[in-house]
Every structure is written in C-alpha cells, then in structure tokens.
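Right, one structure below, let's go through it.
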Amino acid sequence: MTNIKDLAKMAGVSVATVSRVLNNHPYVSEEKKNSVLEAIRVSNYHQNINAVHLSKGKTQLIGVVLPYSDHPYFSLLLKGIAQQALEHNYKLVLFQTDKYSSAL
C-alpha cells in the first residue's frame, strides 16, 4: 500500500508538501500540487482513515453501550445522543449488551 513517503518520492517533493496537498492547504505551488496529484492518480493512493485519526488524536466517534435499544428510556436516550452527534459531526458506535447491569 502506498503511503505519503512513497508519494513524496514519486512527486519529487517533501512529505510535508504531500500532507499539505492532501489537506487542501493553500500554500502549495500549482506545479508541486499537480505533481502530487499525479502521483496519487498513478499509485491509486487512498488515505488510511485510521492513520489520519491517529495523527489528529481524535476519531469523531462516540461509543454508546446500552443493554437494550428498544426500551423506551434507552431509545429516548439514544435518540438524544444521535441528534447531538449529528449536529456536531460525530458518528455513533452502538454496542447492545442485551443484559441489565447491576449498576442500573
């Protein structure tokens, strides 16, 4: 799998320049941008979303663990969480245990 170091070598630019192109940074010359884009096209490069999340230190994911999602209380709770997540550009990961905890 091609990484940004490979792209930099192919395009004859630095890794920082490749990163700027991938992140639509405005301070890249058209010539260098075109070289990077051509390297991306030729290598069929696709960003590794896990690596992107790791480098940014956040995933935009919210994990929710519920015993049941069809119980009125939990469905209302989940609806509220989902609405807020959507408004703030987060995605939900739902895990349903099918068991009530003794803490409830």
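Straight distance only, please: which lysines reach the Cα of residue 99 with their own Cα at less than 28 Å, same-chain residues fewer than 8 apart left out?
79, 91
Residue by residue through region 82-98, what is 3J(HN,Hα) from phi via Karplus (6.51 cos²θ - 1.76 cosθ + 1.60, θ = phi - 60°)? Round to whole Hz and write x for glycine and proline.
Values per residue, Gly and Pro as x: 5, 5, 5, 4, 4, 5, 10, 6, 10, 10, 9, 10, 9, 10, 9, 8, 6 Hz.
How large a share of the accessible area of region 43-86, in percent, is made up of carbon and sulfur atoms when the probe is 1.4 Å and the other protein chains stay in place?
On region 43-86, the fraction of accessible area on carbon and sulfur atoms equals 61 percent.
Whole number in Å², please: accessible area per residue of the chain, 1.4 Å probe, ligands, DNA and RNA not counted.
The answer is 78 Å² per residue.
Checking a compactness column here: for the chain, what do you get for Rg(Cα) / (2.2 N^0.38 Å), N being the number of residues?
Taking the Cα Rg and dividing by 2.2 N^0.38 Å, one obtains 1.64.
For residue 62, enumerate residues with amide H under 5 Å from its amide H, sequence gap 5+ or separate chain, H modeled in the peptide plane.
91, 92, 93
Whole-Hz ³J(HN,Hα) for each residue in region 46-58, computed from phi via Karplus 6.51 cos²θ - 1.76 cosθ + 1.60 with θ = phi - 60°, x for glycine and proline: what do you get?
For region 46-58, the Karplus-derived couplings read 9, 5, 7, 4, 5, 5, 4, 4, 5, 5, 7, x, 8 Hz, x marking Gly and Pro.
Residue 42 versus residue 88, label points 7 Å from Cα toward the beta carbon: distance in nm?
About 4.4 nm, to one decimal.
The values are calculated or read from the model by the stated rules, or taken from the named source; none is laboratory data. What you see is a predicted model, and the numbers here were worked out from it, not measured in a lab. Positions of Cβ are generated from backbone atoms using ideal geometry, with glycine treated the same way; all protein chains shown enter the neighbour counts. Just so you know, the surface numbers come from the protein's heavy atoms only, side chains and all, with ligands and any DNA or RNA stripped out. Shrake-Rupley method; radii C 1.70, N 1.55, O 1.52, S 1.80 Å.
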